[in-house]
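Just so you know, all these numbers are worked out from the coordinates, no wet-lab data involved. The model shown is predicted, which means the values in this text are computed figures rather than measured ones. No Cβ is skipped: glycine too gets one built from the backbone with ideal geometry, and neighbour counts run over all protein chains shown.
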Amino acid sequence: MSKSEPRRARSQGKNRPNHVRTRQEPSDSPAREQSRFQGLAIVATPIGNAADITLRALATLAAADAILCEDTRVSARLLARHGIARPLVAYHEHNAERMRPRILERLGQGEALALISDAGTPLVSDPGYKLLQAAIAAGIPVTTLPGASAALAALTVSGLPTDRFFFAGFLPAKPGERQRALARLAPIPATLILFEAANRLPASLTDMAAALGPRPAAVARELTKLFEEVRRGDLTDLARHYGEAGPPLGEVVVVIGPPGDAPPVGDAAIDEALAEALRTRSLRDAVEEVAARTGEGRRHVYARALVLARRQEGGDGDQE
């Protein structure tokens with residue numbers, strides 16, 4: 001790690017409180033004096049509109065000995081816009097294991113380091129949580145500076161229930177794994193929030209409609225930017241739209257309403273759904289999809305699949 005900043009002598013007691021502490025020492029700018037701290041600060045940055053950053057975040061970044069970031073080029077543009085010039089240290093999934101001990105060493109010597117991501121709140125879908133865990137275990141002061149979050153921004157503009165929600169991050173890229181992941185998410189009694197790559201959105205929405213049924217949903221694109229768009233509808237309609245229109249441009253968040261109360265599903269309906277699913281899916285995937293779509297227990301759906309298989313082999317139907 002770069003040691004361009006001289007190390008300052010600070011207290012290194014093991015029983016330091018786990019909070020930000022003001023340092024009484026000369027500073028090189030009013031902003032740095034205003035937000036002196038020691039330890040690791042988790043700082044949220046804008047998800048699109050560069051103006052969506054807090055005054056406290058700007059003061060903390062200006063006061064840091066160094067700023068840990070995913071892409072130094074992206075972070076340099078944000079800092080330049082706000083007139084902040086601090087050393088940048090790349091910390092991302094590809095170098096995290098190598099860099100983490102060096103960062104902890106600097107923190108242990110009393111330096112003030114700020115952790116940011118390319119956009120939004122750090123630790124969400126990035127390796128920052130491992131650094132935070134290690135800092136806490138080492139007794140290093142940590143604090144958070146809340147701000148922009150793509151997940152919460154999409155939830156609040158979706159028009160869907162906000163009293164209970166579940167953030168599931170990115171779905172798997174491979175269709176089979178994605179369908180199994182959706183089957184596990186289906187029974188969760190909460191609004192679902194998912195990130196998705198724009199090029200995979202049409203296929204993912206098709207799988208969502210198959211696994212979750214026609215739940216109300218919203219596709220939020222380019223949030224806080226000039227071409228922000230929120231398209232609302234049920235999953236079936238959204239899958240049809242993006243299947244015809246093709247993948248959109250920009251960053252995408254999908255928000256899906258919670259499962260509603262549905263009447264019991266009869267065996268005839270389960271058999272029909274299984275027969276359709278088995279045309280294009282393996283037995284395992286078909287059972288998981290139908291269980292998720294109907295809300296029936298996986299064991300019962302699997303039993304119905306075996307009945308169907310025996311029928312196709314010329315068996316005796318429902319006699320089990």
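Things to note:
- As a length-normalised measure over Cα pairs under 8 Å and 6 or more apart, the relative contact order of the range 190-309 settles at 29 percent.
- Whether the range 134-229 is rounded, prolate or oblate, judged on the alpha carbon gyration tensor where a/c under 1.5 counts as rounded: prolate
- In this structure the amide hydrogen of E196, modeled in the peptide plane, comes within under 5 Å of the amide hydrogens of V252, V254, none closer than 5 places in sequence on its chain.
- Of the residues L192, L160, the one with the fewest other Cβ atoms within 10 Å heads the list, and the complete ranking is L160, L192.
- Three-way shape call for the range 267-312 based on the alpha-carbon gyration tensor, with the a/c threshold at 1.5: rounded
- Relative protection proxy for 91-104, 172-185, from highest mean packing down: 172-185, 91-104 (other beta-carbon atoms within 10 angstrom).
- Point-to-point label distance, Y129-I188, nm (Cα→Cβ direction, 7 Å offset): 1.2 nm
- Placing a label point 7 Å from the Cα of D118 along the Cα-to-Cβ direction, the residues of the range 195-210 whose backbone N falls under 18 Å of that point are 195-201.
- If a spin label sat at a point 7 angstrom from the Cα of T144 along the line to its beta carbon, the backbone N atoms of the range 152-194 nearer than 20 Å would be those of 152-157, 162-170, 191-194.
- Note on R299 and N49: the extension gain reaches 85.1 nm, defined as 0.36 nm multiplied by sequence separation minus the Cα-Cα distance.
- Each peptide among 244-254, 208-218 gets the average number of other Cβ atoms lying within 10 Å of its residues, and from highest to lowest they stand as 208-218, 244-254.
- In this label model, R231 and E93 are separated by 2.6 nm, measuring between points 7 Å along each Cα→Cβ vector.
- Once backbone amide H atoms are built at 1.01 Å from N, L145 has I42, V43, A44 as its partners under 5 Å, excluding neighbours fewer than 5 places away on the same chain.
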